[in-house]
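Asks: The structure's right below; bear with me while I get my questions together.
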């Protein structure tokens, strides 16, 4: 509105209906993308297999009561006190594994995360869900690997030895690994699973299996920097 | 808050629904099916103008007197959102991860005059 004119929402001449609709649709797109910090709409997403999504969503809603904390990892699902009550935008992220190289007794899983959320949010909690089909006690080694841009390779962030007692889901706290990953350029977490020989592959046979591994992460927008005056 | 309808030109909430299918976004936004992009429109004559957040008090009385004395103040009264709520979205990001977030203050629930 020009200076001295009326408030634009009060009594301004209504634009032509067609133009107004197009403008509102464009505005809706623009504001949603801006709030999600997306430069453009994500193109051609690849939805997870039909069987795996409901299982993952159910697990995501359930409170993980037996999250195994790996050595050097924090059990820090609590909300940091400095952020409590500040009304910062929260995110829940569900990431399904992509298969990496595997051998008869080991398998690698890759979890990729987008820069949009990673650039503006901090990880509060992250849990890896793994399903074991073997009925008896099973010794499993879980290694968390992170990209090392300097050596164009991966480095091991942690190693956990689990003694799986029965078939079913096992959870592992990967919050610390994901937190350090979010500060890097390449946002890929690699999980290496290793079982003793003659135990078979530690992974389900295919992606469409409802027991396919996934990571659930809770993140929160970073606290805006405050300007201090001295 | 008043919803727009009929011939009234007073400040009201105009409903506007953006169907994600219509704009070709249904493939990456899982839920909801659309966005209620309501907005505020209409006139705010002097008798409808109030000061949000101020209860009836000496200060309100003074403000009303100032408004009554000044035509410019009346013209500056705006029809604006007085109640808003977040938009909950479940969507696929660029890596086909599923993200759930609440974008604050995206849906206008009611409008009023400043």
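Rule-based calculations on the coordinates, nothing more; no lab input. On a predicted model such as this, the values are computed, not experimentally measured, just so you know. Because the Cβ atoms are built from the backbone with ideal geometry, glycine has one as well, and the counts that use them run over all protein chains shown.
Asks: Where does each of B:79-88, A:184-193 land if you order them by average Cβ count within 10 Å, highest first?
Replies: A:184-193, B:79-88
Asks: So, one more: Averaged over A:87-95, how many beta carbons belonging to a partner chain fall within 10 Å of each residue's beta carbon?
Replies: Per-residue shielding by partner chains comes out at 5.
Asks: In peptide B:105-111, how many Cβ atoms from other protein chains are near each Cβ within 10 Å, on average?
Replies: Taking all residues of B:105-111 together, the mean is 1.
Asks: Now for a different question. For the residues A:141, A:160, A:155, what sequence is obtained by ranking on other C-beta atoms within 10 Å, fewest first?
Replies: Sorted ascending by nearby Cβ count, the order is A:155, A:141, A:160.
Asks: Ok, one more. Within 10 Å of each Cβ in A:185-195, how many Cβ atoms from other chains are there, averaged over the peptide?
Replies: 0
Asks: By count of other Cβ within 10 Å, fewest leading, how are A:19, B:25 ordered?
Replies: So the residues, fewest neighbours to most, are A:19, B:25.
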